[in-house]
Amino acid sequence: MNEEVARETPLVELRDLRYSYLEGTPRAVEAIRGVSFSVRRGERVGLIGPTQSGKSTVVYALAHLLRLKEGQVFHEGEDIASPGYDRAALRREVGVVFQRPDFQVLEDVVGKDVAFGPTAAGVPARETRERVEESLEAVGLSYPEFRLRYVHALSGGQKRRVALAGVLAMHAPLLVLDEPMAGLDPRGRQELFELFKRLREQRDLTMIVCSSSLADTSLLCERLIVLHEGRVVMDGPVNEVIAEAERLQEFGIALPGPVALAREMRKVFPDLSPDLLTETELEEALLARLGANRA
Amino acid sequence: MLELQRNVIFGQFVDTGSPVHRLDVRIKLMSTALLILASFLIDGFLGFLLLLPLLVVLQAVSRIPFGFVVRGSGIFLAFLAVILVFQVFFYPGEVSRGGLLWEWGFLSISTDGLRFAALLGLRVLLLYHATTMLMLTTSLVDLTNGLELLFGPLQRLRVPVNELVLVGVISVKFVPIFISEVERLSRAYTARGVPFDEGGPITRARRLGRLLVPVFVGGFRRADLLTTAMDVRCYRGGRGRTKLRQLSATMTDWIVLLLVVAWVIAAWQLPALLLS
């Protein structure tokens with residue numbers, strides 16, 4: 001089984017990716033200093049790191065939205081920077097949801113914007129319409145109600161959903177989300193979080209979620225990659241990464257509330273499981289623990 | 001396309017901390033004005049040749065790589081080249097005898113046309129280089145202060161100097177902002193299936209048309225935001241405002257200005273004297 005997995009070509013692979021913005025000018029900024037990792041099909045990976053750690057640059061690189069050199073980024077085993085590589089096809093495969101929906105929504109009306117990608121890809125009108133409806137419903141916006149609404153009149157959370165629907169309508173097997181929760185109120189966060197969980201279950205998606213917050217990613221992903229100053233400093237299953245709280249703190253990443261609480265409680269109850277991620281899990285574990293004590 | 005800022009440097013400020021950066025901004029402004037004046041006054045290749053060392057020294061001392069300036073002017077230079085080609089083919093002036101090299105219908109190439117186009121090209125290049133170097137070596141705040149001080153006396157004639165300077169400086173400094181906006185939008189379009197990094201020049205140019213409206217609308221939004229920000233911080237023109245950092249020109253500044261004046265006069269007058 002393991003051999004089979006190992007033999008399978010990763011969906012995405014970065015090999016020692018380095019990138020400087022404005023390279024060759026006095027204002028050059030080194031954003032990525034050698035990042036390597038690979039993501040298998042169906043995996044859900046959280047890319048975390050503080051601001052300026054290079055997350056967005058990695059996101060851009062995955063869809064070839066930067067000047068890339070050969071031998072750095074591979075999609076299904078193919079070098080996406082090699083001459084003659086079909087970049088248009090790559091961008092149909094990699095759905096990028098940018099950090100700010102304003103940077104992504106290109107049309108003024110919701111329905112038109114969601115249809116943008118499929119139309120550009122030459123999807124027939126009838127199917128495009130179906131995809132628009134399906135994607136809007138998937139992100140929790142009613143098609144008849146929102147189809148003709150103006151984007152600029154929507155709330156931040158709604159705009160983000162429209163941006164996401166626009167990407168879902170492309171039917172891309174890889175979804176890359178750059179700070180999907182930034183700037184949302186707690187309710188908006190919760191709704192979006194539920195939405196991602198639903199998408200994860202309903203569609204066979206590979207997801208890469210970038211965030212500066214461990215709380216946002218730890219529940220959506222099974223694996224975490226920590227970036228710091230343009231380098232990968234940690235890479236592993238969620239519980240293993242979270243277990244190294246001191247290192248995380250060193251990189252400026254705070255533990256999610258319940259996890260931090262559980263850590264503190266472990267001082268009193270040393271047998272408390274270190275894999276608790278949510279309040280509910282913590283509560284159940286504590287109840288079980290206390291119940292056991294009473295018995 | 002995806003990193004347009006590398007190719008358009010107009011309006012950017014690159015702080016290398018060089019002596020040129022540290023020069024008093026009024027001296028820099030006056031020197032730039034002199035160079036602009038020189039670009040109109042000088043009327044021969046020898047004059048421009050005489051001026052060249054000054055520009056080379058300026059470039060070297062500023063520690064801004066020449067290659068960076070050239071690459072950052074690619075679009076401008078291409079545009080200039082096209083205009084000059086038109087100048088040559090459609091030279092309107094009188095063509096001296098024997099000066100005609102080639103003719104086809106209304107198109108012609110003549111030595112006079114070539115000379116005229118070459119001189120025009122040099123003038124525009126000098127103009128462009130002088131202003132670009134001023135922008136590259138002067139921060140927004142310095143530029144505003146300098147212009148306000150230089151044109152300050154006009155306030156007595158009820159010219160709204162502060163407002164005019166502010167509008168001028170903002171419009172120049174909006175150029176890099178617009179460029180990053182174009183970059184951002186082209187990235188969004190590319191990600192969503194309309195590639196801006198593929199196709200020939202005509203396809204690319206046609207695609208650029210799509211950006212016009214969003215960039216324009218974005219500009220209005222930004223301007224609105226800027227006015228609010230200025231209101232919030234109680235901006236009401238620079239009149240009567242004191243400054244933490246007073247500008248004061250040192251002896252070196254004056255010497256530099258004197259040098260530029262002398263050099264420009266030399267480049268303007270010497271060729272005539274030498275040839276007579």
Dipole moment magnitude, nearest 20 debye, the range A:256-295 about Cα centre, only Lys, Arg, Asp, Glu C-beta charged | 240
Count, for each residue of A:81-89, the Cβ atoms from other chains sitting within 10 Å of its Cβ, then give me the mean as a whole number.
-> 1
Please state, as a whole number in µm²/s, the translational diffusion coefficient that the Stokes-Einstein equation yields for the range A:30-80 at 4 °C and 1.567 mPa s, with Rh defined as the Kirkwood radius across alpha carbon pairs.
-> 107
For chain B, list the DSSP H helices whose alpha carbon atoms reach 20 Å or more along the long axis and whose average Kyte-Doolittle value is -0.5 or above?
-> B:25-41, B:45-62, B:74-89, B:111-137, B:161-191, B:201-232, B:251-275
Would you mind putting A:42-52, B:72-82 in packing order, based on average other-beta-carbon counts within 10 Å, highest first?
-> A:42-52, B:72-82
Greater than 27 Å apart at Cα, pairs in A:LYS55/A:LYS112; A:LYS55/A:LYS159; A:LYS159/A:LYS197 = A:LYS55/A:LYS112
What does the convex hull of the Cα atoms come to per residue for chain B, in Å³?
-> 196
With the dipole of the range B:4-270 worked out from charges on the C-beta (+1 for Lys and Arg, -1 for Asp and Glu) around the Cα centre, which of B:LEU4, B:GLY168, B:CYS234 lies farthest toward the positive end?
-> B:CYS234
Roughly how crowded by other chains is peptide B:191-204, in terms of the mean Cβ count from those chains within 10 Å of each of its Cβ atoms?
-> 5
Distance in nm between pseudo-label sites at A:LYS197 and B:ARG221 (7 Å out along the Cβ direction from Cα) | 3.2
Test item: Cα-centred dipole of the protein assembly as shown, Lys/Arg +1 and Asp/Glu -1 on Cβ, debye = 1980
Zone of A:LEU219's modelled label, taken as backbone nitrogen in the range A:70-108 under 15 Å from a point 7 Å along Cα→Cβ = none
Quick one: dipole size for the range A:131-278, taken about the Cα centre, charges +1 on Lys/Arg Cβ and -1 on Asp/Glu Cβ, in debye to the nearest 20.
-> 440
Separation between Cα centres of the range A:7-84 and the range A:229-276, rounded to whole Å = 26
Note: probe point = Cα of B:PHE40 + 7 Å toward Cβ; backbone nitrogen < 17 Å; residues of the range B:124-159 passing the test are B:124-131
Kyte-Doolittle at least -1.0, axis length at least 15 Å by Cα - qualifying DSSP helices, chain A | A:110-120, A:156-168, A:279-294
Averaged over A:91-98, number of beta-carbon atoms from partner chains that fall within 10 Å = 3
How far apart, in nm, are the 7 Å Cα→Cβ label points at A:VAL29 and B:LEU273?
-> 5.1
Listed highest first by mean packing, meaning other Cβ atoms within 10 Å per residue, what order do A:129-139, B:266-276 come in?
-> A:129-139, B:266-276
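Cα gyration tensor of the protein assembly as shown, axes a ≥ b ≥ c as square roots of the eigenvalues: rounded (a/c below 1.5), prolate (a/b > b/c) or oblate? The partial results should precede the final answer.
Details: a/c = 2.35, a/b = 1.85, b/c = 1.27.
Here the protein assembly as shown falls in the prolate category.
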Provide the packing ranking of A:251-263, A:184-196, i.e. peptides ordered by the mean count of other C-beta atoms within 10 Å per residue, highest first.
-> A:251-263, A:184-196
Label point at B:ILE255 placed 7 Å out along Cα→Cβ; residues across the range B:21-36 whose backbone nitrogen lies under 20 Å | B:21-32
Give the calculated FRET efficiency between B:SER18 and A:GLN190 to the nearest 0.05, with a Förster radius of 51 Å applied to their Cβ-Cβ distance.
-> 0.45
Separation between the B:LEU157 and A:ASP16 pseudo-spin-labels, each 7 Å from Cα along Cα→Cβ, expressed in nm?
-> 6.6
Residue-span extension gain [B:ALA229 to B:LEU49] - 0.36 nm each, minus C-alpha spacing = 60.0 nm
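Each value in this text was obtained by applying a stated rule to the coordinates, not by laboratory testing. Keep in mind it's a predicted model, so treat the numbers as computed, not measured. Cβ sites come from the backbone with ideal geometry, for glycine too, and all protein chains shown count toward neighbours.
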